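Notes follow once the structure below has been shown.
The values are calculated or read from the model by the stated rules, or taken from the named source; none is laboratory data. In this text, all values refer to a predicted model and were calculated from it rather than measured experimentally. Glycine also receives a Cβ, built like all others from the backbone with ideal geometry; neighbour counts cover every protein chain displayed.
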């Protein structure tokens with residue numbers, strides 16, 4: 001242990017002597033201050049609820065129309081026979097940072113006129129889809145068809161069915177080759193009696209669940225109001241507080257309010273951008289490249305005439321010496337990651353009230369990612385004794401891994417969709433390389449998943465997980481560890497065989 005500490009101190013002294021570590025710490029502190037300058041103020045309920053609920057003809061469907069069966073236990077949503085709109089009315093901000101309003105649920109104007117689906121029967125289209133906006137005061141002007149809201153509550157309460165393929169899969173995959181199509185489960189069969197059996201308590205529980213899942217608000221009080229003619233419904237809704245609600249629209253100010261606040265973004269979207277794009281994306285790439293440059297001098301300096309003679313004369317094996325020096329290089333990036341990532345986590349927690357510790361996983365994953373690159377640097381340094389060669393080769397390998405990750409994604413999608421015709425040997429080559437190369441890009445995608453789950457609402461994170469085909473932690477870390485072991489074994493063999 002004493003030998004390891006001595007070599008670790010030697011590596012640290014090399015970094016400090018070049019003042020580069022101070023530059024890295026300064027950049028980390030600057031990043032933390034930048035993040036700390038960002039404030040998150042919940043938008044007033046009158047502005048936030050229309051954005052959260054949607055419902056206008058020109059807007060996409062509200063996320064509240066997404067239904068997870070089995071009372072939310074199903075990770076895949078089910079389809080709906082008729083879309084409904086959710087609209088707020090009589091909106092008030094309440095003391096304590098909450099909101100009170102009336103939630104109006106009604107059929108959407110584009111809902112087609114359809115005969116009701118009885119079990120085992122196929123739906124039949126009527127004349128045309130309605131093209132005009134339903135009159136708020138005249139339920140008779142609503143599109144005719146199944147009661148979409150009662151059906152949604154019924155489907156939410158039923159067990160999930162079997163997964164089905166979306167008929168628009170090929171078109172969607174061609175439009176988004178990096179994503180896979182959202183998986184759906186079979187909607188339950190329902191009779192008119194089943195829908196009429198849905199109680200007011202079931203409806204209130206469904207609305208509460210939707211707010212918790214897609215707005216991130218807990219302890220919401222929901223009571224159905226009498227008087228609305230079905231298929232229209234009205235509910236008195238009280239949200240005790242929206243502080244820390246990840247799906248609630250926020251006003252985000254940068255640099256302590258120097259610039260006008262950005263509106264329309266949810267708290268989860270703001271935190272996700274900072275943690276995934278700014279820190280895990282740009283910040284990690286810069287940190288890795290600078291760390292490659294700094295640590296590339298450790299091994300060549302060790303192998304200089306005089307230094308290596310003194311070290312190998314001591315009672316320590318050459319392999320042990322090389323491994324200690326390798327671990328010493330990893331501690332450099334580990335310390336920098338602790339300062340940067342830990343500081344960003346503290347800053348966002350204080351400013352936003354979100355204290356999910358999952359983001360701290362970036363520290364060990366960033367260190368492990370650097371371990372892959374540093375293993376290559378060590379091999380090149382031992383064979384060439386040149387820091388410049390180690391830097392150039394390692395940075396080139398880093399770029400190659402990134403590009404290969406993109407290529408692998410394209411081949412995986414093309415195998416399913418058939419975007420273009422490729423020879424069979426190209427698939428074999430890509431799969432073979434993927435089995436032996438470290439999973440640099442996969443590590444980045446896994447961290448993106450952690451960030452999504454820790455910053456976004458449960459519903460949004462679940463939908464993103466269904467749309468993006470994430471790799472497994474076991475395969476990613478296992479293959480990467482094998483690559484590191486091979487690189488260190490090769491470097492150790494050369495170090496043991498070489499005369500100094």
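Quick look at the numbers
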{"quantity": "Residue check for residue 63: within 25 Å of the chain's Cα centre (by Cα) and either over 21 Å from residue 247 (Cα atoms) or in the same structural domain as residue 213 (by TED's automatic domain parsing) (or both)", "calculated": "yes"}
{"quantity": "Filter result (in a loop (DSSP other than H, G, I, E, B) and surrounded by 21 or more Cβ atoms within 10 Å (Cβ to Cβ)) within the stretch 228-260", "calculated": "231, 242, 245, 246, 247, 248"}
{"quantity": "Among residues of the stretch 233-290, those that are free of Cβ contacts under 8 Å to residues at least 12 places away in the same chain and under 30 Å from residue 210 (Cβ atoms), counted", "calculated": "3"}
{"quantity": "The stretch 92-115, residues that are surrounded by fewer than 17 Cβ atoms within 10 Å (Cβ to Cβ) and modelled with pLDDT under 50", "calculated": "113, 115"}
{"quantity": "Residue count, the stretch 76-85 (criterion: at pLDDT 85 or above and in a loop (DSSP other than H, G, I, E, B))", "calculated": "1"}
{"quantity": "Criterion: assigned by TED's automatic domain parsing to the domain that holds residue 377 and at pLDDT 90 or above - qualifying residue of 475, 405, 465, 396", "calculated": "396"}
{"quantity": "Only one of 212, 228 that is assigned by TED's automatic domain parsing to the domain that holds residue 54 and under 20 Å from the mean Cα position of the chain (by Cα)", "calculated": "212"}
{"quantity": "Where residue 52 falls short, out of the listed (1) assigned to a helix (DSSP H, G or I); (2) at pLDDT below 85; (3) in contact with a strand residue (DSSP E or B) (Cβ under 8 Å, 6 or more places away or on another chain)", "calculated": "(2)"}
{"quantity": "Residue match in the stretch 116-124 (condition: part of a loop (DSSP other than H, G, I, E, B) and modelled with pLDDT of 80 or more)", "calculated": "no"}
{"quantity": "Candidate set from the stretch 206-227 (those that are surrounded by fewer than 19 Cβ atoms within 10 Å (Cβ to Cβ) and without any contact (Cβ under 8 Å) to a residue 24 or more places away in the chain); member that is farthest from residue 245 (Cα to Cα)", "calculated": "227"}
{"quantity": "The listed residue being modelled with pLDDT of 90 or more, part of a helix (DSSP H, G or I), assigned by TED's automatic domain parsing to the domain that holds residue 472 and out of contact with any strand residue (DSSP E or B) (no Cβ under 7 Å at 6 or more places or on another chain), out of 319, 380", "calculated": "380"}
{"quantity": "Check on residue 88, at pLDDT below 85, under 23 Å from residue 231 (Cα atoms) and not assigned by TED's automatic domain parsing to the domain that holds residue 461", "calculated": "no"}
{"quantity": "Residue 420 without any contact (Cβ under 8 Å) to a residue 24 or more places away in the chain, assigned to a loop (DSSP other than H, G, I, E, B) and farther than 19 Å from residue 364 by Cβ", "calculated": "yes"}
{"quantity": "Residue check for residue 414: more than 16 Å from residue 471 (Cα to Cα), in the same structural domain as residue 368 (by TED's automatic domain parsing) and part of a helix (DSSP H, G or I)", "calculated": "yes"}
